[in-house]
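K.L.:
Here you go, one structure.
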Amino acid sequence: MNALLGKKLGMSRFFAADGAAIPVTLLQAGPNTIVQVKTREKDGYDAIQIGFGSKNEKAVTKPLLGHFRKGKVAPQARLSEVRVESLDGLDTGQVLGADLFHVGDKVAVTAYSKGLGFQGTVRRHGFHGGPKTHGQSDRWRAPGSIGQSSSPSRVFKGMRMSGRMGGRKTTVKNLLVFMVDPEKNVIAVRGAVPGKKNSYVRISKR
């Protein structure tokens, strides 16, 4: 078992012995409920499906509600599958918490980055913009020419241009676990993780 679902609670900081401020992100790691156990004999591989958060039965589709009832668990807000090497000691209805992690562990956090909407090339790609002199008062943040000459007479695929920014599934790896509170199911990892406060995250051991 090497992953849990949780939420991003926000950022804080710890102070080292020499007084240096260390930025950390607080994550709620669990409690996760095992909704389904998949076996090599029946499904071709060993894995468990974990759920996090609660959801009103009225907001759950009937097929998914039947899935929860089969596992004898309450409806969960988020589901995720975790492959395991052994299913020993794992069963439906079992609750997993932050004690899976320990101080000093390296983890990877996967979440959806903040959606920033339609952005220009300066913010989206770091373009410097045009010169501010010689009367170009309306070209400071313009991308400039994108076309080619008469050969090849087209715009190449992958051209960096304005467009939708953020809102993508992103993973940050090798984050150091600084603090673990098993009672509150909260861990602190060094650095920043994708997403806004209270957004769902998946925390995986490296």
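The values are calculated or read from the model by the stated rules, or taken from the named source; none is laboratory data. The model shown is predicted, which means the values in this text are computed figures rather than measured ones. Cβ: placed from backbone, ideal geometry, glycine included. Neighbour counts: every protein chain shown. In case anyone asks, the SASA skips ligands and DNA or RNA and just uses the protein heavy atoms, side chains included. Shrake-Rupley method; radii C 1.70, N 1.55, O 1.52, S 1.80 Å.
K.L.:
For the stretch 184-202, what are the residues that are open to solvent by less than 30 Å² (accessible area, probe 1.4 Å) and either modelled with pLDDT under 90 or part of a strand (DSSP E or B) (or both)?
P.N.:
Hits for the stretch 184-202 are V186, I187, A188, V189, V201.
K.L.:
Go through the stretch 19-37 residue by residue and tally those that are surrounded by fewer than 17 Cβ atoms within 10 Å (Cβ to Cβ), of a type outside the set (V, I, T) and in a strand (DSSP E or B).
P.N.:
Selection size over the stretch 19-37: 2.
K.L.:
In the stretch 144-183, which residue that is open to solvent by 60 Å² or more (accessible area, probe 1.4 Å) and of a type in the set (V, I, T) is farthest from H128 (Cα to Cα)?
P.N.:
T171
K.L.:
Follow-up. Could you tell me which residue of the stretch 61-104 is farthest from F178 (Cα to Cα), considering only residues that are surrounded by 11 or more Cβ atoms within 10 Å (Cβ to Cβ) and of a type in the set (S, T, N, Q)?
P.N.:
T92
K.L.:
Continuing with the same structure: If we keep just the residues of the stretch 105-117 that are small (G, A, S) and exposed (fewer than 13 other Cβ atoms within 10 Å of the Cβ), which is farthest from A3 (Cα to Cα)?
P.N.:
My answer is G117.
K.L.:
From the list Q49, Q94, Q36, pick out the single residue that is at pLDDT below 95 and under 20 Å from the mean Cα position of the chain (by Cα).
P.N.:
Answer to the selection: Q49.
K.L.:
Every residue in the stretch 102-125 that is on the phi < 0 side of the Ramachandran plot and either of a type in the set (F, W, Y) or part of a strand (DSSP E or B) (or both), please.
P.N.:
Within the stretch 102-125, K106, V107, A108, V109, T110, A111, Y112, F118, Q119 qualify.
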